[in-house]
């Protein structure tokens with residue numbers, strides 16, 4: 001089952017919406033499948049594509065961190081891993097310059113790193129986190145499994 005995806009491009013040098021959806025849909029579906037994520041039939045997901053300036057403002061406002069980051073997730077409701085999600089899964093915000101810079105530094109294709117950030121953001125919506133080492137290992141294993149489904153190499157291999 002795939003959620004209805006609302007996609008917004010606010011800022012940044014992003015590909016056209018149709019091209020973005022070619023990366024978004026498989027990444028979202030892979031996260032759901034690999035994670036065994038439980039969502040209702042009427043599930044909705046919002047993805048906001050923006051630039052570092054807007055991401056910095058969002059990060060400052062919501063996390064108290066005055067710098068851009070690659071991805072932020074805002075769950076529609078607080079759930080624990082394994083629980084059924086509410087219809088509004090939440091919002092995932094992605095920063096183009098940060099993702100592009102990280103992809104270049106790590107020698108990865110932009111689309112592959114974007115897929116990773118989408119998968120990462122989805123798992124946060126479903127209650128997964130990486131605050132401590134054991135939680136990080138669980139989340140990283142799920143990300144590896146999801147990314148393998150879309151042909152993206154292990155992002156943690158280096």
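Read-outs throughout are calculated quantities, based only on the coordinates presented, and are distinct from any laboratory measurement. A quick note: this is a predicted structure, and the numbers were derived from the prediction, not measured. Backbone-built Cβ (ideal geometry, glycine too); neighbour counts: all protein chains shown.
Being exposed (fewer than 15 other Cβ atoms within 10 Å of the Cβ), under 19 Å from residue 102 (Cβ atoms) and without any contact (Cβ under 8 Å) to a residue 60 or more places away in the chain narrows it down to one of 18, 53, so name that one. Before the answer, list the steps.
Numbers: 18 fails: under 19 Å from residue 102 (Cβ atoms).
Only one candidate qualifies: 53.
Which residues, taken from region 95-108, are outside any helix (DSSP H, G or I) and either touching a residue at least 60 places away in the same chain (Cβ under 8 Å) or touching a helix residue (DSSP H, G or I) at 6+ places or on another chain (Cβ under 6 Å) (or both)? Walk me through how you get there before you give the answer.
Taking region 95-108 as the starting set, the residues that turn out to be outside any helix (DSSP H, G or I) are 95, 106-108.
Listed by number, the list holds a single entry, 95.
Search region 51-78 for residues being out of contact with any strand residue (DSSP E or B) (no Cβ under 9 Å at 6 or more places or on another chain) and not in a helix (DSSP H, G or I), and hand back the single one that is nearest to residue 143 (Cα to Cα).
78
Can you name every residue in region 120-158 that is closer than 13 Å to residue 99 by Cβ and surrounded by 22 or more Cβ atoms within 10 Å (Cβ to Cβ)?
Start the filter on region 120-158 by keeping residues that are closer than 13 Å to residue 99 by Cβ, which leaves 120-121, 155.
Within region 120-158, 120, 121 qualify.
Can you tell which of 87, 75 is in contact (Cβ under 8 Å) with a residue 12 or more places away in the chain and more than 14 Å from the chain's Cα centre (by Cα)? Steps first, answer last, please.
Details: 75 fails: more than 14 Å from the chain's Cα centre (by Cα).
Residue meeting the stated conditions: 87.
Looking at 130, 120 in this structure, which one is touching a helix residue (DSSP H, G or I) at 6+ places or on another chain (Cβ under 7 Å), more than 19 Å from residue 19 (Cα to Cα) and assigned to a loop (DSSP other than H, G, I, E, B)? Even if it seems obvious, please write down each step before you answer.
Numbers: 120 fails: assigned to a loop (DSSP other than H, G, I, E, B).
Of 130, 120, the one residue that is touching a helix residue (DSSP H, G or I) at 6+ places or on another chain (Cβ under 7 Å), more than 19 Å from residue 19 (Cα to Cα) and assigned to a loop (DSSP other than H, G, I, E, B) is 130.
Could you look through region 56-69, keep only residues that are closer than 15 Å to residue 94 by Cα and in contact with a helix residue (DSSP H, G or I) (Cβ under 7 Å, 6 or more places away or on another chain), and pick out the one that is surrounded by the fewest Cβ atoms within 10 Å (Cβ to Cβ)?
By that ranking, first place goes to 67.
Could you look through region 21-50, keep only residues that are assigned to a strand (DSSP E or B) and in contact with a helix residue (DSSP H, G or I) (Cβ under 8 Å, 6 or more places away or on another chain), and pick out the one that is surrounded by the most Cβ atoms within 10 Å (Cβ to Cβ)? It would help to see each step written out before you state the result.
The initial filter retains those residues of region 21-50 that are assigned to a strand (DSSP E or B), namely 38, 44-50.
With the extra rule that they be in contact with a helix residue (DSSP H, G or I) (Cβ under 8 Å, 6 or more places away or on another chain), the set shrinks to 45, 47, 49-50.
Values: 45: 25, 47: 22, 49: 23, 50: 22.
By that ranking, first place goes to 45.
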